[in-house]
Structure formats: C-alpha cells, structure tokens
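Visitor: Here it is, the structure, as structure tokens.
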Amino acid sequence: MKDKTTDLVKHAKKYHKKEYDALNNDAKSWLLDPKNIDLISKAIAVYIFRNGPIEDYHSEGTPIGQEEMKKLNIFMADRIAGLLTFIINGDWSRLVIILNWLKLWTTGWNLVEPTVRELNDIFLGIIDLSKSA
C-alpha cells in the first residue's frame with residue numbers, strides 16, 4: 001500500500017523546499033520548547049496508551065492478565081517507534097500537527113509533572129554496574 005503522507009512530504013520537499021524547511025524548523029523549535037511539554041506529553045500518552053488496547057479493556061471491563069499486558073507492551077513499543085521514526089527523520093511539522101490533534105483527548109487532565117528521578121536512578125545504576133565490571 002502506498003503511503004500518501006510520505007508522498008505529500010516528498011512533494012513539499014521537492015517543489016516547496018524553502019517553505020517546507022521553514023515550517024519544519026518552526027515545528028522543531030515548538031517541539032523543543034519546554035513550555036509545550038504538558039501538551040506534548042499528554043498527546044503522546046493519548047497516542048501510545050489511551051487510544052490503544054487499554055481503552056478496549058476498560059470499556060469491556062476485561063481484567064488485565066499476562067496476555068493483555070504483553071499486547072499493551074507491544075502496542076506501546078510500536079507506537080514509540082513510530083514517534084522516534086518521525087524524530088530521527090526530522091519530520092517535525094507532521095509531528096506537531098499530529099500532537100496538536102491528539103491533545104483533543106486530554107481535556108480536563110492535570111498538568112504533567114516531568115519525572116526524571118527514575119531515569120537518573122537508572123543512569124546512576126548503570127554507572128555503578130560499569131564500575132564493578
């Protein structure tokens with residue numbers, strides 16, 4: 001199956017390079033601005049978690065066992081890979097458009113609280129392991 005969005009981006013890069021590059025650079029700046037972390041985090045949560053199998057389990061009242069957890073983990077890893085692919089490819093403008101659309105499902109959510117303590121603990125644990133190796 002042909003990917004229409006990839007064709008659109010290729011067309012824009014080829015025939016509207018200056019405008020495309022400007023839009024893409026603005027989108028990258030927006031994505032990397034710390035004041036947007038709340039919106040971006042919530043939109044990614046919708047994309048990775050809420051609009052996936054967990055919503056089916058929730059609406060059906062299905063208990064979450066080992067198979068359901070496996071399905072959730074695979075689903076989330078695949079979604080994260082999709083986001084990382086956009087980032088790796090520098091596809092900032094499409095990412096901004098998608099994240100702003102996904103924010104529609106986050107009405108009424110609390111402000112996010114960036115959690116880096118656990119990441120720092122993991123990093124320090126890796127450093128400690130490497131010292132003992």
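The values are calculated or read from the model by the stated rules, or taken from the named source; none is laboratory data. Computed from a prediction, not measured in an experiment: that's the story for all the values here. All Cβ positions, glycine included, derive from the backbone under ideal geometry; neighbour counts span all protein chains shown.
Visitor: Looking at the stretch 99-113, which of its residues are surrounded by 12 or more Cβ atoms within 10 Å (Cβ to Cβ) and of a type outside the set (Ser, Thr, Tyr)?
Guide: Residues satisfying the conditions are 99, 100, 101, 102, 103, 105, 109, 112.
Visitor: Say whether the condition of being buried (at least 16 other Cβ atoms within 10 Å of the Cβ) and either among the hydrophobic types (A, V, I, L, M, F, W, C) or at pLDDT 95 or above (or both) is met by at least one residue in the stretch 123-133.
Guide: Within the stretch 123-133, none of the residues are buried (at least 16 other Cβ atoms within 10 Å of the Cβ) and either among the hydrophobic types (A, V, I, L, M, F, W, C) or at pLDDT 95 or above (or both).
Visitor: Look through the stretch 6-50, keep the residues that are in contact with a helix residue (DSSP H, G or I) (Cβ under 7 Å, 6 or more places away or on another chain) and polar (S, T, N, Q), and return whichever of them is surrounded by the fewest Cβ atoms within 10 Å (Cβ to Cβ).
Guide: Across the stretch 6-50, the extreme among qualifying residues is 36.
Visitor: Oh, and also: Answer yes or no: is there a residue in the stretch 82-92 that is surrounded by 15 or more Cβ atoms within 10 Å (Cβ to Cβ) and touching a residue at least 40 places away in the same chain (Cβ under 8 Å).
Guide: yes
Visitor: Something else: How about the stretch 40-67: which of its residues are among the acidic types (Asp, Glu) and over 25 Å from residue 109 (Cα atoms)?
Guide: 67
Visitor: Which of the residues that make up the stretch 81-133 are part of a loop (DSSP other than H, G, I, E, B), farther than 14 Å from residue 45 by Cα and of a type in the set (Asp, Glu)?
Guide: 91
Visitor: A further question on this structure: Name the residue, out of 116, 96, that is surrounded by fewer than 13 Cβ atoms within 10 Å (Cβ to Cβ) and either on the phi > 0 side of the Ramachandran plot or not hydroxyl-bearing (Ser, Thr, Tyr) (or both).
Guide: Step by step, each of 116, 96 is checked, and only 116 is surrounded by fewer than 13 Cβ atoms within 10 Å (Cβ to Cβ) and either on the phi > 0 side of the Ramachandran plot or not hydroxyl-bearing (Ser, Thr, Tyr) (or both).
Visitor: A follow-up question, please. Scanning for something over 22 Å from residue 5 (Cα atoms) and at pLDDT 90 or above, does the stretch 78-95 turn up at least one residue?
Guide: no
Visitor: I'd like the residue in the stretch 8-60 that is basic (Lys, Arg) and at pLDDT 90 or above and, out of all such residues, is nearest to residue 91 (Cα to Cα).
Guide: Looking at residues that are basic (Lys, Arg) and at pLDDT 90 or above, I get 28.
Visitor: So is residue 69 modelled with pLDDT under 95, surrounded by 10 or more Cβ atoms within 10 Å (Cβ to Cβ) and touching a Gly at 6+ places or on another chain (Cβ under 8 Å) or not?
Guide: In short, no.
Visitor: Is at least one residue of the stretch 100-117 without any contact (Cβ under 8 Å) to a residue 60 or more places away in the chain, out of contact with any helix residue (DSSP H, G or I) (no Cβ under 7 Å at 6 or more places or on another chain) and of a type in the set (D, E, K, R)?
Guide: Yes, the conditions are met somewhere in the stretch 100-117.
Visitor: For the stretch 10-67, give me each residue that is in a loop (DSSP other than H, G, I, E, B) and free of Cβ contacts under 8 Å to residues at least 24 places away in the same chain.
Guide: If the condition is that a residue be in a loop (DSSP other than H, G, I, E, B) and free of Cβ contacts under 8 Å to residues at least 24 places away in the same chain, then 16, 32, 33, 61, 62, 63, 64, 65 are the ones that fit.
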